[in-house]
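What follows is a short report on a single structure.
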Amino acid sequence: MTELYPWLTPLWQQWQANLQADRFSNAALLIAEEGMGAGQLTEKFSQAVMCQNYPAEACGFCHGCQLMQSHSHPDFHIIKPEKEGKSITVEQIRQCNRIAQESSQLSGTRLFVIEPAEAMNESAANALLKTLEEPSSSCMFLLVAHRSNTLLPTITSRCQQWHLVPPSSSEVAQWLSSQNVGQVPAYVAHLNGNAPLLALEFLQQDKAKQYTELEQSLLAVCQNQGDAIKLAKDLSSGHLESLTWVWYLLTDAQKVHYGLSDSVFVPGAELLSKALDYQTLYSQAQALTKLQDQLRLHTGLNAELLILDWLFKFHEESCS
């Protein structure tokens, strides 16, 4: 059976209590940032729901559990994009809806896990609505989303919502120190949104050096001493992660302007706060958030050009 990461246990215990008391909704939405290991939670939940013996924990021995272990349970369905980065299509959801109207093959619960739920295009989301409005008593839907703000409000309003809260920076640091990754810099958990698995990957792939170089390059550009074109090119390679790092640098520098200090702040925050005034830092952080959303939603955009335009605005803001 699935062993859970320690930060998943509190939510799993809530789920167990709801399953035991038959209070778990037939349509549920789990909101969990990437790097939190939510897959473990959905796997454990799926195993429990498909078990024929217990309502809140998989026994591991019944026919249902054996079918789940062999990935061949006829009443368990995962709906995800056919290719990474693609949408969940309306055809996939219509097929899901058809199965939801049929009888269970093992006379038990039919479970549909849709992940990531935000990958449904608008037509797919609308096609799911009616089934979520009137789910069969023997049919359950678990939607898993990394960014709930991109889901249709009509979808979220029909689901029982569960939020997977990230652990604290100190809890992440403690867990990382048990993973044989050597010294853990204080800022690593914070820089990765306290998502333990992202922080672990950061250390395992030695991204600290990459981050330090990015800090130095951005500081140089802000001081009119760096190469904005080269930095834009560097940031556009793996831009979702790199731009998130920059966002933490900008927001930490804003906090320094207010006289705040914390060991988890990224190393360059204080230097950047001295190079730029608060208003420039605030405006650029807001613009960066919009840019990140643009690049997530529209994959065909020229990331390098858009990032370069954003970098040039540091000087426009400073001179205005």
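Points to keep in mind about this one:
A quick yes/no check of all residues on (1) without any contact (Cβ under 8 Å) to a residue 40 or more places away in the chain; (2) under 26 Å from E3 (Cβ atoms):
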site: M36; (1), (2): no, yes
site: H71; (1), (2): yes, yes
site: K80; (1), (2): yes, yes
site: N97; (1), (2): yes, no
site: P116; (1), (2): yes, yes
site: N126; (1), (2): yes, no
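- Residue count for region 100-155 satisfying the condition of being over 21 Å from L41 (Cβ atoms) and in contact with a Pro (Cβ under 7 Å, 6 or more places away or on another chain): 2.
- From the options G85, G35, G60, residue that is more than 15 Å from W162 (Cβ to Cβ) and more than 24 Å from the chain's Cα centre (by Cα): G60
- Top-ranked residue in region 129-149 [being modelled with pLDDT under 95 and under 16 Å from K80 (Cβ atoms); ranked as surrounded by the fewest Cβ atoms within 10 Å (Cβ to Cβ)]: R147
- In region 233-252, the residues that are crowded, with 16+ Cβ neighbours inside 10 Å and among the aliphatic types (A, V, I, L, M): L235, L243, V246, L249, L250
- In region 178-186, the condition of being among the aliphatic types (A, V, I, L, M) and within 19 Å of the chain's Cα centre (by Cα) is met by no residue.
- Helices (runs of 4 or more DSSP H) (entirely within region 82-197) containing at least 3 residues that are in contact with a strand residue (DSSP E or B) (Cβ under 6 Å, 6 or more places away or on another chain): 90-101
- Looking across region 83-119, the residues that are of a type in the set (S, T, N, Q) and more than 13 Å from M140 (Cβ to Cβ) come down to S87, T89, Q92, Q95, N97, Q101, S103, Q105, S107.
- Residue check for F45: in contact (Cβ under 8 Å) with a residue 40 or more places away in the chain, in the same structural domain as V144 (by TED's automatic domain parsing) and either farther than 21 Å from A145 by Cα or not polar (S, T, N, Q) (or both): yes
- Listed by first and then second residue, the pairs with beta-carbon distance under 7 Å, at least 6 apart or on different chains, first residue in region 169-195 and touching a residue at least 24 places away in the same chain (Cβ under 8 Å), second acidic (D, E), are G193/E33; A195/E33; A195/E34.
The values are calculated or read from the model by the stated rules, or taken from the named source; none is laboratory data. This one's a predicted model, so the numbers in the text were calculated from it and none came from an experiment. Backbone-built Cβ (ideal geometry, glycine too); neighbour counts: all protein chains shown.
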